[in-house]
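**Student:** Sending over a structure as structure tokens; questions will come in a sec.
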């Protein structure tokens with residue numbers, strides 16, 4: 001009779017255990033999905049930005065227009081992909097080395113930023129520590145007659 005009473009005291013705990021176990025497993029999984037989504041969005045943004053800036057500069061008629069186009073594309077990418085404009089680092093180099101951009105060179109555009117993880121507090125710089133660096137590069141060949149027109 002004592003054995004039957006011990007077993008009967010456990011009735012009704014399965015739904016509570018299911019809910020508690022589900023929450024313990026579900027919350028980190030949702031956080032992971034959201035964090036990976038943010039990192040993927042930022043990765044797509046820098047890749048798209050590098051490609052479009054390289055193309056915009058390579059097809060510009062002169063250096064001033066190229067600079068204006070690069071700035072406009074960088075602002076558009078920052079707005080579209082939710083990247084803070086101050087955290088967007090754009091670097092342009094030409095191969096072979098020399099003044100960049102110039103006629104006949106291969107332009108390499110590299111964009112880098114940091115994707116901040118969600119729910120990271122700005123206390124003691126934790127938000128900067130809880131971020132993932134993302135970067136992308138793209139190359140475009142500049143015409144030999146670039147800047148002559």
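**Student:** Across the Cα atoms of segment 23-101, what radius of gyration and what greatest pairwise Cα-Cα distance (Dmax) are found, in Å?
**Tutor:** Calculated on Cα positions, Rg and Dmax stand at 17.1, 58 Å.
**Student:** Run the numbers for residue 65 and residue 20: contour at 0.36 nm per residue of separation, minus the present Cα-Cα distance, in nm.
**Tutor:** Contour length minus Cα-Cα distance gives 10.2 nm.
**Student:** Taking the chain as a Gaussian network, where each spring joins two C-alpha atoms under 10 Å apart, which residue of 64, 127, 86 fluctuates the most?
**Tutor:** Residue with maximal mean-square fluctuation among 64, 127, 86: 86.
**Student:** While we're looking at this one, here's another question. So if we plug the beta-carbon distance of residue 145 and residue 89 into 1/(1 + (r/R0)^6) with R0 = 25 Å, what FRET efficiency do we get, rounded to 0.05? Working shown, then result.
**Tutor:** Working: r = 31 Å, r/R0 = 1.23.
So, using R0 = 25 Å, E works out to roughly 0.20.
**Student:** Rounded to two decimal places and with Rh computed the Kirkwood way over Cα pairs, what is Rg over Rh for segment 2-141?
**Tutor:** 1.36
**Student:** Just 105, 76, 120 to compare: in a GNM of the chain, with alpha carbon springs under 10 Å, which one fluctuates most?
**Tutor:** 120
**Student:** At a 10 Å Cβ-Cβ cut-off, how would you order 108, 33, 46, 123, fewest neighbours first?
**Tutor:** 123, 33, 108, 46
**Student:** Please compute the modelled spin-label separation between residue 97 and residue 36, points set 7 Å along Cα→Cβ, answer in nm with one decimal.
**Tutor:** Label at residue 36, label at residue 97, 4.2 nm between them.
**Student:** Right, something else. Could you give the length gained by full extension between residue 13 and residue 123, i.e. 0.36 nm per residue of separation minus their alpha carbon distance, to one decimal place?
**Tutor:** Using 0.36 nm per residue and subtracting the Cα-Cα distance, I get 35.6 nm.
**Student:** Two-decimal Rg/Rh of segment 60-138 from alpha-carbon positions, Kirkwood Rh?
**Tutor:** 1.09
Each reported figure results from applying straightforward, stated rules to the coordinates on display, with no laboratory input. Because the structure is predicted, anything quoted here is derived from the model rather than measured. No Cβ is skipped: glycine too gets one built from the backbone with ideal geometry, and neighbour counts run over all protein chains shown.
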